[in-house]
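The values are calculated or read from the model by the stated rules, or taken from the named source; none is laboratory data. Small disclaimer: the values here were computed from a predicted structure and weren't measured. Cβ: placed from backbone, ideal geometry, glycine included. Neighbour counts: every protein chain shown.
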Amino acid sequence: MSYDPSRSTKSLTFSPQDNNGDTDQNTNENRKHSVLDEKALRVDDTLFIRDQRVLKISQSYQSILDSIGEDPLRQGLLKTPNRAAEALVFFTKGYEQSIRDVVSDAIFDEDCENMVVVKEIDMYSLCEHHMVPFFGKVSVGYLPNKRVLGLSKIARIVEVFSRRLQVQERLTRQIAEAIAEAIKPRGVAVIVECLHMCMIMRGAQKVNSRTTTSSMLGVFREDPKSREEFLALARITPF
Amino acid sequence: MSYDPSRSTKSLTSSLQDNNGDTDQNTNENRKHSVLDEKALREDDTLFIRDQRVLKISRNYQSILESIGEDPLRQGLLKTPNRAAEALVFFTKGYEQSIRDVVSDAIFDEDCENMVVVKEIDMYSLCEHHMVPFFGKVSVGYLPNKRVLGLSKIARIVEVFSRRLQVQERLTRQIAEAIAEAIKPRGVAVIVECLHMCMIMRGAQKVNSRTTTSAMLGVFREDPKSREEFLSLARITPF
């Protein structure tokens, strides 16, 4: 059946906080909640709560420094727990914003019939399995249906979803679904191409390998010609 | 005065474990210990002690997952503390080896008078200030003085020093000094060119900026022509 983002069914046990998109039965039929209205995990944080988080995380890092055999009192490491905690909170700042807030005022009525492509958006994320960075580029395209989205909002959507503990497949899907819900276009296509430090710095240690995932919704899923046009326009050059 | 690695003076208060090369008065005159014989922080680890480290670090990661607002019990994060701890211990495995062990049996007498260059060695390290990866390439050159070093040992020296919490300047110096001490050549030159995730993913957020550091010892410090020859042979191409 063709994709229709306006038709969503909510089950009785529906809750907005759906484990950040990660469920044990994560199939198209079971996924019923709205990506736009999903409650961000840290959206209610006050400055005080945020500082408490940083404090708690820096205590963990202090203990980690001990455990790896280093001397936490040497000059270079003295303020590292705090810096590392601030860095980690920054890397997960995607939990602090809801997509609805990011997108809400930049939807415009426009008579555009042709594909809009925003390509090679730099993206940095943390792998949720090893908590090690993965980074790369995102190319997004959509075929508008009377409404267009502010271009920088597309980049902001990428930011909000990528600044979390992520899995590349889920990240790709979330970006596509957010745009689909926001402006209900005829189709959305997203490709993400990344280097995974967890694969380069450790484990398999394959230095040149890049991982590509894509998400094709609506017309892009059904019509090969549209998909072809998008892939030609949105090609991610090696980085 | 020209550099002479064989002449080292040890003060009465010198200790082999010199805070991983990081001292508050870290000048050429004060630095007296041998890089080759510096005691590795985790050298005496048994398998049991190593497992204890991983366990302790994974408890800290569990706490960190809660503090950033995530749900540590969701499917994707269930084994993350253990994986992240194993990853961190791997990223700091440079603490487990002494340079003397890495290098000891690969020093050969050879009548080579010309420069030996091993260039563009891939290198991955952790910034000691934010505990975020920095990575890039290392090019090493030396002018032998009757003795050469096994080529893969040069790469192994880079590995041992880079798989630690590091500062790029110190890493560069340590690599140069280790080679200088091991085979006492006429001169050693090391250039390191890296991308720093702490600068790309956060903070200044400058995506294309690369940091280059170098260490020139012996003939490379005194003779501009040798230095020039090295720099042209060992040029690190953009990555």
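If I filter the stretch B:93-104 for residues that are of a type in the set (Phe, Trp, Tyr), surrounded by fewer than 16 Cβ atoms within 10 Å (Cβ to Cβ) and within 19 Å of the chain's Cα centre (by Cα), do I get at least one hit?
No, the stretch B:93-104 has no match at all.
Do we have residue B:153 as among the basic types (Lys, Arg) and surrounded by fewer than 20 Cβ atoms within 10 Å (Cβ to Cβ) here?
The answer is no for residue B:153.
Can you name the strands (runs of 3 or more DSSP E) wholly within the stretch B:76-176 that have at least 3 residues being in contact with a Pro (Cβ under 8 Å, 6 or more places away or on another chain)?
The qualifying strands (runs of 3 or more DSSP E) are B:116-127, B:133-143.
So which residues in the stretch A:189-216 are assigned to a helix (DSSP H, G or I) and under 24 Å from residue A:157 (Cβ atoms)?
Within the stretch A:189-216, just A:197 meets the criteria.
Would you confirm whether or not the stretch B:219-235 contains a residue that is closer than 30 Å to residue A:66 by Cβ, outside the structural domain of residue B:88 (by TED's automatic domain parsing) and not basic (Lys, Arg)?
So far as the stretch B:219-235 goes, no, none of its residues is closer than 30 Å to residue A:66 by Cβ, outside the structural domain of residue B:88 (by TED's automatic domain parsing) and not basic (Lys, Arg).
Confirm whether residue A:57 is at the interface with chain B (Cβ under 10 Å from one of its Cβ atoms) and either farther than 21 Å from residue B:94 by Cβ or at pLDDT 95 or above (or both).
yes
For residues that are of a type in the set (S, T, N, Q) and within 8 Å of another protein chain (Cβ to nearest Cβ), scanning just the stretch A:67-90, find the one that is nearest to residue B:91 (Cα to Cα).
Residues of the stretch A:67-90 of a type in the set (S, T, N, Q): A:67, A:75, A:80, A:82.
Adding the requirement that they be within 8 Å of another protein chain (Cβ to nearest Cβ) leaves A:67, A:75, A:80.
Working: A:67: 13, A:75: 21, A:80: 17 Å.
Among those residues, the one meeting the criterion is A:67.
Among the residues in the stretch A:123-137, are any free of Cβ contacts under 8 Å to residues at least 60 places away in the same chain and either more than 30 Å from residue A:55 (Cα to Cα) or assigned by TED's automatic domain parsing to the domain that holds residue A:67 (or both)?
no
Which of the numbered conditions does residue A:64 fail, given that it passes all the others? Conditions: (1) hydrophobic (A, V, I, L, M, F, W, C); (2) touching a strand residue (DSSP E or B) at 6+ places or on another chain (Cβ under 9 Å); (3) facing chain B (nearest Cβ under 9 Å).
(2)
With the requirement that a residue be crowded, with 18+ Cβ neighbours inside 10 Å and under 30 Å from residue A:133 (Cβ atoms), what does the stretch B:196-233 give you?
B:196, B:197, B:198, B:199, B:200, B:201, B:202, B:214, B:215
Please determine whether any residue of the stretch B:6-21 is at pLDDT below 60, under 27 Å from residue A:57 (Cα atoms) and facing chain A (nearest Cβ under 8 Å).
Yes.
Among the residues of the stretch A:106-158, write down those that are more than 14 Å from every other protein chain (Cβ to nearest Cβ) and among the acidic types (Asp, Glu).
A:109, A:110, A:111, A:113
Just give me the residues in the stretch A:135-173 being closer than 15 Å to residue A:216 by Cα and among the basic types (Lys, Arg), in sequence order.
The answer is A:170, A:173.
Filter the stretch A:37-66 down to residues that are without any contact (Cβ under 8 Å) to a residue 12 or more places away in the chain and exposed (fewer than 13 other Cβ atoms within 10 Å of the Cβ) and give me whichever is farthest from the chain's Cα centre (by Cα).
Filtering first and then ranking leaves A:48.
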